[in-house]
1. On a 0 to 90° scale, report how tilted helix 10-20 is relative to the longest principal axis of the chain, with both axes built from alpha carbons and the result rounded to the nearest 10.
2. Quick one: what are the phi-derived ³J(HN,Hα) couplings along the range 57-69, Karplus 6.51/-1.76/1.60 with θ = phi - 60°, whole Hz, x for glycine and proline?
3. Starting from the eigenvalues of the Cα gyration tensor, five times each then square-rooted, give me the equivalent ellipsoid semi-axes of the range 79-129, largest first, whole Å.
4. With the convex hull built on the Cα atoms of the range 12-112, state its orientation-averaged projected area in nm².
5. With all protein chains present, how much of the accessible area of the chain (probe radius 1.4 Å) comes from carbon and sulfur, to the nearest whole percent?
6. For the chain, what is the accessible area per residue in Å² when the probe is 1.4 Å?
7. Quick one: net charge of Phe37's neighbours, Cβ under 15 Å, K/R +1, D/E -1?
8. So if I take the centroid of the Cα atoms in the range 33-71 and the same for the range 84-122, what is the distance between those two points in Å?
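The values are calculated or read from the model by the stated rules, or taken from the named source; none is laboratory data. All figures in this text were calculated on a predicted structure; none of them were measured in a lab. With ideal geometry, Cβ positions are generated from the backbone for all residues, glycine too; neighbour counts draw on all protein chains shown. When the accessible area is computed, the model is the full protein with side chains, heavy atoms only, and any ligands, DNA or RNA have been set aside. Shrake-Rupley method; radii C 1.70, N 1.55, O 1.52, S 1.80 Å.
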Amino acid sequence: EELGSVSVTEADILEFARRYDPQDFHVNPAKAAEGPFGGVIASGWHTASLMMKLLVARYLDSETSLGSPGIDELRWPAPVRPGDVLTVKVSILEARKSRTKPDRGLVRSHIEMRNQAGDTVMTVSAMNLIRCKP
């Protein structure tokens, strides 16, 4: 399922990184230009936050979502740059009732985030807890 898109600005990248991931290639345009990425790139944690924003807005239901016990295999295969427009796609891999708590189910999904050129910038395998109908 496609969840829409979100644009990334340099101001957003700098603001997030100054607060949470102040490495030079995230916060210092002059040093970033001389670094391995040739310019400022978004923190992977910023990218994950943007993905979560789209999941909450267009995928997780506020009445049935019970959080997540965790994620696996989080990857950032390509950098996110100022001006990128990112899209999120969710594929459900498994859905089952909990063996120990019958009021909830577990949904395992693969989430992929791509930029406007089609390059994959993030992948993650996630597990969500979902309230079941009685």
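1. The two axes meet at around 70 degrees.
2. So the J values, rounded to whole Hz, are 6, 10, 9, 7, 8, 5, 7, 10, 6, 10, x, 9, x.
3. Computed over the range 79-129, the values are 31, 8, 7 Å.
4. Here the figure is 7.8 nm², rounded to one decimal.
5. After summing per-atom areas, the C and S share lands at 52 percent.
6. Per residue, the chain has an accessible area of 59 Å².
7. -4
8. First find each Cα centre; the distance between them is then 12 Å.
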